[in-house]
Amino acid sequence: MAWREDWRRVRAIAWKDLTTERRSKAGFNSVASLGVTILVLFGFALGPDAEALRAAAAGALWLSVLFAGVLAFNRSYQVELESHALEPLLLYPGARWTIYAGKLLANALFVGLMLVIVVVAGIALFQVAIPAQWPALLGVLALGAFGLVVLGTFYAAMASRSRAREVLLPLLLFPMLVPVLLAAMSASKAFLAGDPMHEAGAWVRLLLAYDLIFLLSTLLAFEHVIEA
Amino acid sequence: MAHAHRELAIAARGVARRFGARWVLRGVTLDVHAGEVVGLLGANGCGKTTLLRIVATLLKPSAGEVRVFGHEVVRNADAVRSEIGFLAHAPGLYDDLTARENLRFAAEMLGLGHCDLDGALARVGLSHVAHERVRGFSAGMQRRLAVARLMLRRPGLLLLDEPYSNLDADGIALMNAVLRDQRQWGGSALVVLHELAPATGVLDRTVRIEGGRAGLMTTHAPTSHRRPGAPHLEVV
Amino acid sequence: MTTLVHPLVVPRPRGWSWFGGFAFAFLIVSQVTGILTSPPDRDMGDLQKIMYVHVPAAWITFLCFFVVLLFSLRSLWRGRERDDLLAASAAEVGATFNGLTLMLGMIWGRPTWGVWWAWDARLTSTLVLFLIFVGYLALRAFVEDPQRRAQWSAAVGVMGAINVPIVYMSVRWWRTLHQVQSSPSTIDPHYVLGLRMNAFAFLFVMIYFIHRRYEAAQVARAAEQAAEAAALGGM
């Protein structure tokens with residue numbers, strides 16, 4: 001019974017986040033455009049030689065998603081902070097982790113959609129050939145994006161409410177994301193090249209472990225962070 | 001059905017709170033009984049809102065203890081939250097959701113299932129804007145919507161922070177009706193007020209919080225009929 | 001009932017000053033022992049002697065992270081201020097030793113690899129760890145409310161500590177340049193004595209540093225709380 005109520009709260013919060021985001025119009029479009037813009041800048045930095053671009057495609061993609069995604073994470077708390085709606089939210093009786101899970105869900109969809117757009121742009125800009133193992137590559141994209149979203153949503157709960165939030169979130173988040181980025185970039189790179197040395201499997205397992213470990217720990221730690 | 005409660009709605013003992021180096025509350029002792037509507041008065045910055053927020057579990061006291069219907073606000077915050085309704089000065093509504101959607105979100109979060117949202121909107125006179133986004137609402141309309149959200153269920157204790165500000169005559173009448181209704185039902189309310197005027201006739205007692213160096217809390221004689229046997233507030 | 005004030009009693013036993021003196025003396029002895037008793041390495045020559053600072057400093061970095069983890073968890077569980085202050089002290093000391101490890105690693109690397117930075121696995125992981133420490137300290141600097149600061153840094157400290165092994169694993173898979181981990185059993189027995197002595201010396205110095213930093217934090221808190229007690233007029 002309690003699970004049903006919890007799930008209801010999670011769903012309500014995810015719906016609320018996504019609806020307010022969709023209706024405000026400004027958010028998603030600008031973040032997605034920013035992702036593509038960053039990708040273009042990477043193209044300038046690394047290209048125009050086709051070989052160099054193809055070799056750097058995976059790295060450029062993930063960094064573009066990361067830099068644009070950081071804006072999304074702070075935004076997910078901004079609605080509450082601007083309208084002073086965080087207090088009413090905290091006053092509803094019930095488990096705190098449901099607030100986190102709801103925001104996580106909304107952010108995952110947001111960043112996932114942005115990822116799709118950036119990937120499509122990347123395929124064109126970086127002259128990437130779609131590999132035979134593209135389903136596996138999709139899996140890597142999903143797991144990697146989820147890793148970014150988990151820690152991003154968690155740290156944004158703190159950064160968005162402190163001074164210098166624009167610098168504090170990346171400062172806290174980026175070093176923590178090194179394993180996810182390394183794994184996602186390496187696995188993506190391997191799959192794009194056809195994974196001749198079968199190394200992608202190890203990276204995928206690391207991604208899975210990382211996602212699970214941090215999903216669990218952030219769910220447990222969230223109530224300490226949001227109440228304070 | 002009257003809400004009968006043997007416990008005190010609020011039992012505050014020696015509540016103190018500091019922000020950084022500044023002490024805002026320096027030892028407040030206060031009782032609010034079931035069925036009482038108590039007003040909190042004082043100058044700006046005297047700590048009346050701080051006290052309200054401590055009772056509402058939004059702030060932890062730096063010292064002292066507060067119990068709401070017997071539940072301690074720090075250790076049993078969730079139990080306290082299920083018994084209170086808090087109306088902040090800022091409405092805390094989602095601008096990009098409609099009035100009805102805001103209520104529906106609150107109902108879902110409260111676990112209220114199929115709630116009569118339209119009825120709630122009608123009671124505060126907002127039926128005509130049920131499907132409009134809150135972004136276009138006036139301050140008074142937002143306050144009414146916040147009241148509707150507050151009354152989706154019947155909290156035993158209402159905590160209202162300057163509820164009369166930005167309200168027109170109709171809004172004031174609505175607020176007073178809410179408080180009268182609450183008292184009649186047997187519930188309690190603690191209302192932070194900027195001035196006594198709009199709430200005359202609704203309050204059972206007022207308490208004045210004096211800020212400043214000494215931080216003393218003085219009492220007023222009750223502004224309306226005092227219930228026999230109700231204890232006086234203490235000077236600290 | 002929440003007790004009003006815990007006036008933090010800040011004991012200053014003379015014992016700690018003696019311990020500090022001993023720690024530094026032992027450090028000097030260990031360094032001298034290491035330098036004098038170890039013959040030049042076959043490949044590195046006298047450059048090997050940097051190991052007596054670089055390796056213990058790296059170990060102490062890890063130990064400090066572990067202390068941060070421990071006291072962050074305790075802080076979240078018990079909510080006592082001293083756990084938060086201890087975790088913060090350990091983080092500062094850890095960041096310092098981390099910086100030392102990095103600098104010495106670069107100094108060792110320049111003649112060995114010909115470059116200041118070769119992205120080798122261990123040094124790169126240590127750099128990432130350093131950035132995690134920096135994030136933790138930045139968070140503390142940006143949050144003023146002590147309760148909020150304690151809760152948030154405890155959460156960040158725990159997350160950071162959990163990530164330490166994962167960072168190491170991922171960077172190592174990414175690169176395999178660094179030599180095999182030199183623990184006393186795998187390296188030349190000539191170096192073992194110096195390494196072991198220095199390991200303990202650094203441990204003592206770490207304990208002393210953390211204690212002194214913690215003491216300073218306690219003094220600051222005690223001063224704050226004395227002011228509170230005065231303002232409240234002895235409730």
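The values are calculated or read from the model by the stated rules, or taken from the named source; none is laboratory data. Values in this document were obtained by computation on a predicted structure and should not be read as measured data. Neighbour counts run over all protein chains shown; Cβ positions are idealised from the backbone, glycine included. Calculation scope for accessible area: heavy atoms of the full protein, side chains included, ligands and nucleic acids excluded. Shrake-Rupley method; radii C 1.70, N 1.55, O 1.52, S 1.80 Å.
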Discussion item. Quick check on B:Gln142: is it part of a helix (DSSP H, G or I) and in contact with a strand residue (DSSP E or B) (Cβ under 9 Å, 6 or more places away or on another chain)?
Written reply: no
Worksheet entry | Options A:Trp15, A:Trp3; residue that is under 30 Å from B:Val80 (Cβ atoms), within 13 Å of another protein chain (Cβ to nearest Cβ) and modelled with pLDDT of 95 or more | A:Trp15
Discussion item. Condition first: buried (at least 18 other Cβ atoms within 10 Å of the Cβ) and either of a type in the set (Lys, Arg) or free of Cβ contacts under 8 Å to residues at least 12 places away in the same chain (or both). Now tell me which residues in the stretch B:42-81 satisfy that.
Written reply: B:Lys48, B:Arg53, B:Arg67, B:Arg81
Fill in: the stretch B:32-48, subset aliphatic (A, V, I, L, M) and in a strand (DSSP E or B), residue modelled with the lowest pLDDT
B:Leu41
Practice prompt. Confirm whether A:Leu138 is surrounded by fewer than 18 Cβ atoms within 10 Å (Cβ to Cβ), assigned to a helix (DSSP H, G or I) and either within 14 Å of chain B (Cβ to nearest Cβ) or in contact with a Lys or Arg (Cβ under 9 Å, 6 or more places away or on another chain) (or both).
Written response: no
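Would you call B:Leu167 more than 9 Å from every other protein chain (Cβ to nearest Cβ), over 19 Å from A:Thr19 (Cβ atoms) and part of a strand (DSSP E or B)? Talk me through it step by step, then tell me what you get.
Working: more than 9 Å from every other protein chain (Cβ to nearest Cβ): yes; over 19 Å from A:Thr19 (Cβ atoms): yes; part of a strand (DSSP E or B): no.
Criteria not met by B:Leu167.
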Item to complete: Please list, ordered by first then second residue, the pairs with beta carbon atoms under 8 Å, 6 or more apart or interchain, first in the stretch C:128-150 and facing another protein chain (nearest Cβ under 7 Å), second aromatic (Phe, Trp, Tyr) and open to solvent by less than 10 Å² (accessible area, probe 1.4 Å).
Response: C:Leu139/C:Trp152; C:Val143/C:Trp152
Worksheet entry | Top-ranked residue in the stretch A:195-217 [being farther than 15 Å from A:Pro179 by Cβ and in contact (Cβ under 8 Å) with a residue 12 or more places away in the chain; ranked as farthest from the other protein chains (Cβ to nearest Cβ)] | A:Asp195
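Under 16 Å from the mean Cα position of the chain (by Cα) and of a type outside the set (Phe, Trp, Tyr): is that true of A:Ala32 in this structure?
Criteria met by A:Ala32.
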Worksheet item: Which residue out of A:Leu81, A:Leu109 is within 14 Å of chain B (Cβ to nearest Cβ), open to solvent by 20 Å² or more (accessible area, probe 1.4 Å), hydrophobic (A, V, I, L, M, F, W, C) and out of contact with any strand residue (DSSP E or B) (no Cβ under 8 Å at 6 or more places or on another chain)?
Response: A:Leu81
Discussion item. Go through (1) within 14 Å of chain A (Cβ to nearest Cβ); (2) over 25 Å from B:Arg81 (Cα atoms); (3) buried (at least 19 other Cβ atoms within 10 Å of the Cβ); (4) not polar (S, T, N, Q) for B:Leu157 and report which single condition fails.
Written reply: (2)
Item to complete: Just give me the residues in the stretch B:197-211 being under 15 Å from B:Asn166 (Cα atoms) and open to solvent by less than 60 Å² (accessible area, probe 1.4 Å), in sequence order.
Response: B:Pro198, B:Ala199
Item to complete: Please find, among A:Ala228, A:Ala202, A:Ala193, A:Ala209, the residue that is modelled with pLDDT of 95 or more and open to solvent by 10 Å² or more (accessible area, probe 1.4 Å).
Response: A:Ala209
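Condition first: open to solvent by 50 Å² or more (accessible area, probe 1.4 Å), without any contact (Cβ under 8 Å) to a residue 24 or more places away in the chain, out of contact with any helix residue (DSSP H, G or I) (no Cβ under 7 Å at 6 or more places or on another chain) and more than 21 Å from A:Trp97 (Cα to Cα). Can you find one or more residues in the stretch A:164-182 that meet it?
So far as the stretch A:164-182 goes, yes, one or more of its residues are open to solvent by 50 Å² or more (accessible area, probe 1.4 Å), without any contact (Cβ under 8 Å) to a residue 24 or more places away in the chain, out of contact with any helix residue (DSSP H, G or I) (no Cβ under 7 Å at 6 or more places or on another chain) and more than 21 Å from A:Trp97 (Cα to Cα).
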Worksheet item: Residues of the stretch B:82-110 being assigned to a loop (DSSP other than H, G, I, E, B), of a type outside the set (Ser, Thr, Tyr) and free of Cβ contacts under 8 Å to residues at least 12 places away in the same chain, which ones?
Response: B:Ala90
Worksheet item: Which members of the stretch C:110-130 meet the condition of being polar (S, T, N, Q) and either at pLDDT below 90 or over 15 Å from A:Val178 (Cα atoms) (or both)?
Response: C:Thr112
Worksheet item: Right, B:Val68: within 19 Å of A:His224 (Cβ to Cβ), out of contact with any Pro (no Cβ under 8 Å at 6 or more places or on another chain) and either more than 14 Å from chain C (Cβ to nearest Cβ) or of a type in the set (Asp, Glu) (or both) or not?
Response: no
Discussion item. I'm trying to understand the selection: among the residues of the stretch B:118-134, which are surrounded by 15 or more Cβ atoms within 10 Å (Cβ to Cβ) and within 14 Å of another protein chain (Cβ to nearest Cβ)?
Written reply: B:Arg133, B:Val134
Worksheet entry | Evaluation of B:Thr29 against (1) more than 18 Å from the chain's Cα centre (by Cα); (2) modelled with pLDDT under 90 (one fails), failing number | (1)
